[in-house]
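Please read the structure below before turning to the comments.
The values are calculated or read from the model by the stated rules, or taken from the named source; none is laboratory data. Not measured: the values here are computed from a predicted model. Here the Cβ is made from the backbone with ideal geometry for all residues, glycine too, and neighbour counts use every protein chain on show.
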Amino acid sequence: MLSNKPDSILLGDLKKLVTTERRILSDVICHLEEVNRRKLYVELGYRSLVKYCVGELRYSESAAYRRIKTLKLSKSVPSLMGDIKRGAINLSQSTVAQKLFDGRKVDPKKQIEIIKEIKNKSAKKSEDIIREMLDLPKRKCFFSIEVKDKTLEKWNEVKARFAHLDLTDEALFNRIMDMAVSSVYALKRGNDLFSNKLSGFKSSNPRYISKNLRREVYDRAGNKCERCCGVYSLEIEHIKPVGVGGKAELENLMLLCKACNIRSAIKFYGLEKMKNYV
Ligand SMILES: [Zn+2]
């Protein structure tokens with residue numbers, strides 16, 4: 001059973017599976033290329049390779065699109081399949097590359113050079129590199145969310161109240177986000193309305209961490225998880241748990257994100273005891 005596999009075997013097996021997955025992916029693309037060359041999809045009543053991929057192979061439109069773009073790119077860049085097998089190039093990167101090459105008559109030598117440059121990069125970074133190498137305008141980022149009328153009214157009210165600052169929508173939104181982030185830190189650091197206002201307050205709860213101590217932990221950690229540097233869902237953890245005599249002292253406290261905190265609890269208490277928390 002998977003849940004009985006030791007950690008190292010589980011991690012090793014997953015890596016092997018992903019290697020197999022990549023090999024299969026490159027085999028699938030090679031097969032698609034041959035099906036396309038022979039136009040076999042026509043025999044089966046499909047007007048295009050995309051329609052065949054969706055109708056016959058049950059791929060989603062986007063999964064079919066990514067595979068076909070990759071197939072197209074592999075014709076100009078023969079080393080592409082090897083890169084995919086090794087994990088140096090993934091489908092998102094090959095798709096973004098081919099999308100930018102389409103209709104631009106990019107010399108195959110240049111395409112090979114570009115693919116070499118984007119190896120082991122994220123899809124976003126790859127797009128930036130390709131745009132620069134092809135002398136294209138920089139990538140634009142859009143942020144769009146579907147909202148209710150009430151939310152839009154609220155946003156318009158915020159805009160009206162800050163109108164005197166004469167900010168663009170983006171600048172105003174950034175300001176509001178900065179305010180939100182700093183107020184979250186203020187709350188987490190113990191400055192919230194519910195913290196005990198009495199000076200010298202001593203709690204009998206051994207888990208109690210005073211406002212000042214919380215602030216010291218956050219300052220020492222630079223407001224980041226002390227293990228992975230993440231900034232989301234931060235919690236203060238007792239290095240030696242309170243249950244086994246650990247104290248709420250700076251040396252025994254650590255700022256961790258939720259995932260790192262749960263991982264360290266699993267290491268200490270075991271997966272069985274932590275099963276309700278993971
Ligand atoms: Zn972390």
Given the conditions (1) of a type in the set (D, E, K, R); (2) under 25 Å from Ile115 (Cβ atoms); (3) free of Cβ contacts under 8 Å to residues at least 40 places away in the same chain, which single one is not true for Glu33?
(3)
Go through the range 84-131 and report how many residues are more than 26 Å from Leu17 (Cβ to Cβ), under 20 Å from the mean Cα position of the chain (by Cα) and of a type in the set (Lys, Arg).
2
Please work out which one of (1) part of a helix (DSSP H, G or I); (2) farther than 30 Å from Ile266 by Cα; (3) without any contact (Cβ under 8 Å) to a residue 24 or more places away in the chain is the condition Gln98 fails and give its number.
(3)
Before we move on, is Arg214 within 16 Å of the ligand (Cβ to nearest atom) and either charged (D, E, K, R) or touching a residue at least 60 places away in the same chain (Cβ under 8 Å) (or both)?
no
Scan the range 251-278 for residues that are over 16 Å from Cys225 (Cα atoms), among the basic types (Lys, Arg) and either modelled with pLDDT of 90 or more or within 14 Å of the ligand (Cβ to nearest atom) (or both) and jot them down.
Lys267
Can you run down the residue pairs with Cβ atoms below 7 Å, 6 or more apart or on separate chains, where the first is in the range 237-252 and in the same structural domain as Lys267 (by TED's automatic domain parsing) and the partner is part of a helix (DSSP H, G or I) and at pLDDT below 90?
Glu237/Asn261; Glu237/Ser264; Pro241/Phe268
